[in-house]
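Just below is one structure, and these are the notes that go with it.
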Amino acid sequence: MMSIEQRHTTTGETRYLARVKHRERLVASKSFSRKADAVLWEREQYRRIAFGDFIPPARAVTPFATVAAQFLESRRDQISPHSWRTYRDNLVSVPDWFSARPLSTIGASEILAYLTEQLTTKAHSTVRRAKGTLAAVFAYAIRERMLTHNPMRDVRMPPGVTRRSEGIETFTAQELAGALEQQQQLHPGLATVTEFLSLTGLRWSELRALRVSDLQYGPLSAIRISRAHSEGYEERGTKTGRIRLVPLTHRAGEIAAARAIGRNSEDYLLTSATGQQLRSDPFRRAVGWSTTTPRGRTIHDLRHYAASAWLRAGIPINQVASWLGHASPSYTLETYAHVLGEAQDIAAVRRLNGIEER
């Protein structure tokens, strides 16, 4: 089987070209400066062919980005649109240094570096889903005979440092008041959307799906949360699949009641100035989000503001978890432990001041 050809370059250097054929077709070739290296490489390729482990070198050096695109196309009509978009969104966030690497050069260390880098700016659960997407791409590569080993098998999810472990930062009362004042001047109607989110702790997707019929009047003024509508996806149930009631304060009730006037029960409750379903980018532009809110603050931070305000007001953690739609109060406790600690410190100082004043 040996087919080592000696060649000479234009500079007079001697090179040894090894060719590997399978079923009378050339499947691989490589040049070496030493004949012994060429022989060993050729023998290894034939061994891999015999045991079914051979991968054509040209396929193994395909950039990750190319393989990811092929993977997405292969799954387009095989899975639900929501799952496909999740894969797509996860792969869009893969950094260039990872996307450009040849597939065969990506090992456990590169994957760990990517995941660790993502954990500096994203939640642990988000990065864990990104890891699942990577595993799906590498599994596809193995099925398509681009790799013989899935490097994801050697990777455990790194602990990272998440925002929850350090305490979530959100608007202060002064920052929110200043933002609302400025947004009122730019777009009074949409400024109330910002205010409503800060009072109810709704997710943006839940706010978009609210209908007039979700308003509840009576002894308990509240809104019924049963749906969510993320942009670019079909409307679906809530994140946990549960229906919940979120009580409305006087101010939140005023905003909701004003928006319900003249609308049918199945109309969206909070809409754009033209009566269309809210979209985040036009909303942010209309209220001048980048200039009216402190740098780094997001729409989702309004949810954190509401939760923090409830806890500082002494609302029990189980009740806050229910209003937020968390699957477990332990998650709420983990996320907002710093707020509870702050409240306890304030109460302790008040007691100490009381002792000093006696």
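The values are calculated or read from the model by the stated rules, or taken from the named source; none is laboratory data. Keep in mind that this is a model prediction, so the values were computed, not measured. Backbone-built Cβ (ideal geometry, glycine too); neighbour counts: all protein chains shown.
Of all residues in the stretch 282-307, those being modelled with pLDDT of 90 or more, surrounded by fewer than 18 Cβ atoms within 10 Å (Cβ to Cβ) and of a type in the set (D, E, K, R) number 2.
Among the residues of the stretch 317-333, is any closer than 27 Å to S221 by Cα, β-branched (V, I, T) and part of a strand (DSSP E or B)? No, the stretch 317-333 contains no residue that is closer than 27 Å to S221 by Cα, β-branched (V, I, T) and part of a strand (DSSP E or B).
I need the helices (runs of 4 or more DSSP H) fully contained in the stretch 127-209, keeping only those with at least 3 residues that are more than 25 Å from V339 (Cβ to Cβ).
Once the helices (runs of 4 or more DSSP H) in the stretch 127-209 are filtered for at least 3 residues that are more than 25 Å from V339 (Cβ to Cβ), what remains is 173-186, 188-200.
For the stretch 98-126, the candidate set comprises residues that are hydrophobic (A, V, I, L, M, F, W, C) and in contact with a Ser or Thr (Cβ under 9 Å, 6 or more places away or on another chain); within that set, the residue that is modelled with the highest pLDDT is L103. Counting only residues that are surrounded by fewer than 18 Cβ atoms within 10 Å (Cβ to Cβ) and part of a helix (DSSP H, G or I), the stretch 99-123 holds 9 of them. Within the stretch 243-259, identify whether any single residue is in a loop (DSSP other than H, G, I, E, B) and more than 28 Å from A177 (Cβ to Cβ), and answer yes or no. Scanning the stretch 243-259 turns up at least one residue that is in a loop (DSSP other than H, G, I, E, B) and more than 28 Å from A177 (Cβ to Cβ).
If you filter the stretch 310-347 down to residues that are β-branched (V, I, T) and modelled with pLDDT of 90 or more, you find that the one that is nearest to the chain's Cα centre (by Cα) is V320. The number of residues in the stretch 284-309 being part of a loop (DSSP other than H, G, I, E, B), over 19 Å from the mean Cα position of the chain (by Cα), free of Cβ contacts under 8 Å to residues at least 24 places away in the same chain and under 18 Å from W204 (Cβ atoms) comes to 0. Criterion first (surrounded by fewer than 21 Cβ atoms within 10 Å (Cβ to Cβ) and acidic (D, E)) does E206 satisfy it? So E206 fails the test.
Residues in the stretch 57-98 that are free of Cβ contacts under 8 Å to residues at least 24 places away in the same chain and part of a loop (DSSP other than H, G, I, E, B) were compared, and the one that is nearest to L134 (Cα to Cα) is P95.
Answer with yes or no whether A141 is in the same structural domain as S99 (by TED's automatic domain parsing), of a type outside the set (S, T, Y) and in contact (Cβ under 8 Å) with a residue 60 or more places away in the chain. Yes.
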